[in-house]
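Data block below; observations after.
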Amino acid sequence: MGRPRQAAQIIKLKGAHKVNPGRYKNLDNEPQPTKPLGKMPGYFNEDEAACWNELVEMTPAGVLFNADRWVVETACRLMAKFRQDWLSGAEFSQLVALMSRMGLSPADRSKIKVEKPKEDNPFDGM
C-alpha cells in the first residue's frame, strides 16, 4: 500500500516541492481553507479540552484550519482516552496516524522546513 497523501501546507513546510517540482505541480490548485481552527467543541470533557489546548499549542503554525476540526477533534478524544489507559490497538494506530498527518511525529517534524524570518539589517538603506 502506498503512503497516505499529504496536505499542500505540509509539503510546502517540508520543502518537498522545491526538491521535486514536477511531482507537486498542482499544489496551488488545492482548495485552501480560509478560516482558523476556532474554539474547541463545547461538549468536550475536561481531559479532551486539555488535549485540544495541548495539540493546538504544539502544532506547527499554518497547518491546522477550520477544515481540520474533525481530525483534531478525533485526535483529542483518542488522546484523552489513551491517557486513561483504555485504547484498543486499532484506536492507538489511528491516533498515531492522525498525529503523523498533522506533523506531530518525530519523523514528520524532522522533514518540516520553516523559513526563518529575515532579520532587519541597518545597512540595507545605504
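Okay, here's what the table says:
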item: Enumeration of residues in the range 38-51 that are in a loop (DSSP other than H, G, I, E, B) and either under 21 Å from the mean Cα position of the chain (by Cα) or closer than 18 Å to residue 68 by Cα (or both); result: 38, 39, 40, 41, 42, 43, 44
item: Residue count, the range 31-48 (criterion: surrounded by 13 or more Cβ atoms within 10 Å (Cβ to Cβ) and without any contact (Cβ under 8 Å) to a residue 12 or more places away in the chain); result: 0
item: Residues located in the range 56-86, provided they are in a loop (DSSP other than H, G, I, E, B), within 17 Å of residue 109 (Cβ to Cβ) and not hydroxyl-bearing (Ser, Thr, Tyr); result: 60, 61, 62, 63, 64
item: Residue tally, condition in a loop (DSSP other than H, G, I, E, B) and in contact with a Phe, Trp or Tyr (Cβ under 9 Å, 6 or more places away or on another chain), over the range 9-37; result: 5
item: Number of the condition not met by residue 107 [criteria: (1) touching a helix residue (DSSP H, G or I) at 6+ places or on another chain (Cβ under 8 Å); (2) at pLDDT 90 or above; (3) assigned to a helix (DSSP H, G or I)]; result: (2)
item: Failed item, numbered, when residue 6 is tested on (1) crowded, with 16+ Cβ neighbours inside 10 Å; (2) touching a residue at least 12 places away in the same chain (Cβ under 8 Å); (3) not in a loop (DSSP other than H, G, I, E, B); result: (3)
item: Any hit, the range 51-61, residues being small (Gly, Ala, Ser) and surrounded by 11 or more Cβ atoms within 10 Å (Cβ to Cβ); result: no
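The values are calculated or read from the model by the stated rules, or taken from the named source; none is laboratory data. What you are looking at is a predicted structure, and each value in this text was computed from that prediction instead of being measured. So basically every Cβ, Gly included, is an ideal-geometry build from the backbone, and we count neighbours across all protein chains shown.
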